[in-house]
Amino acid sequence: MRSAVITGASRGIGRGIALALAQEGWDLTLVARSSAGLAEVAAATGASSVNLDLSDPSAPAAVVEAHLRRHSSLDALVLAAGVGSAASLDGYPVSRYEKQFALNTRAPFLLMRSALPLLRAAASRRPSRGAKIIALASIGGVYAEPSLSVYGATKAALLALCRGFNAEESGTGVTATAIAPGYVDTDMSAWVHDTVPPSSMIPVADVVATVGFLLSLSARSVVNELVVSRAGTSGYAA
């Protein structure tokens, strides 16, 4: 049985990934800040859960320790937790800047670092398949978006982190991919419904399917990032 850690599992994309992998027989460790939402998904999937705020610097190590209590390896680390805050740079609050970098950039780094021995162990056990890190970034980390400069910067850093990880670790069978979609139809995108209706957004199911595709690849293929744009756009904006 393959095992995975999924962050941001209580709602949106993380929830969709958790439900899909559970149906495929994966043994999951689910992570989220929302206790009620996390409990619901854990009950639906039969998964183990860890309720904490990943913006706390000590939280990522606690997640890996919780997984290690049940498993000696980790086949997939799915980084779906994130936070966004839209505002112009003029007068942008430092507290909001720090919160986004703490959750969108520092937490993935700490999780990747802490989980690396378990990922290497999984790759050693299944050398043909290897082990995977899949990080949910954003098209805003690739192309500039008004009012999302800070959010885009956190996701651009996540994209760079995955590229650097592959340069160092892909030879061991552990690879990382950042998925960078435009607006996905989740509650996190509700703030733009006046200008971008949900019917024009990327369905959560499409992102879940993309994760499934990446998990199916052999250890010999490296995909640094996948940009997924919305139909009807130029492809260079959220």
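The values are calculated or read from the model by the stated rules, or taken from the named source; none is laboratory data. Quick caveat: nothing in here was measured; it's all calculated off a predicted structure. FYI the Cβ positions are ideal-geometry reconstructions off the backbone, even for glycines, and counts take in every protein chain you see. These accessible areas exclude ligands, DNA and RNA; they are computed on the full protein's heavy atoms, side chains included. Shrake-Rupley method; radii C 1.70, N 1.55, O 1.52, S 1.80 Å.
Quick notes
- In the set Ala123, Ala237, Ala131, Ala231, only one residue is free of Cβ contacts under 8 Å to residues at least 40 places away in the same chain and farther than 19 Å from Arg11 by Cα; that residue is Ala231.
- Verdict on Leu103 being under 21 Å from Val208 (Cβ atoms), at pLDDT 95 or above, crowded, with 19+ Cβ neighbours inside 10 Å and of a type outside the set (Lys, Arg): no
- Residues located in the range 173-192, provided they are of a type outside the set (A, V, I, L, M, F, W, C) and open to solvent by 20 Å² or more (accessible area, probe 1.4 Å): Tyr183, Asp185, Thr186, Asp187
- Reported count of residues in the range 148-167, each being out of contact with any helix residue (DSSP H, G or I) (no Cβ under 9 Å at 6 or more places or on another chain), free of Cβ contacts under 8 Å to residues at least 60 places away in the same chain and either within 23 Å of Trp191 (Cβ to Cβ) or not hydrophobic (A, V, I, L, M, F, W, C) (or both), is 2.
- Subset of the range 212-238 that is over 25 Å from Ala144 (Cβ atoms) and in contact with a Lys or Arg (Cβ under 9 Å, 6 or more places away or on another chain) - its residue that is surrounded by the fewest Cβ atoms within 10 Å (Cβ to Cβ): Ser216
- Of all residues in the range 77-97, one or more are in a helix (DSSP H, G or I) and in contact with a helix residue (DSSP H, G or I) (Cβ under 6 Å, 6 or more places away or on another chain).
- Total residues in the range 106-156 satisfying the condition of being buried (at least 23 other Cβ atoms within 10 Å of the Cβ) and among the polar types (S, T, N, Q): the figure is 2.
- Taken as a whole, the condition of being open to solvent by less than 30 Å² (accessible area, probe 1.4 Å), touching a residue at least 12 places away in the same chain (Cβ under 8 Å) and touching an Asp or Glu at 6+ places or on another chain (Cβ under 7 Å) does not apply to Ala66.
- Selection of the range 62-76 for residues being within 17 Å of the chain's Cα centre (by Cα) and outside any helix (DSSP H, G or I) yields Leu74, Asp75, Ala76.
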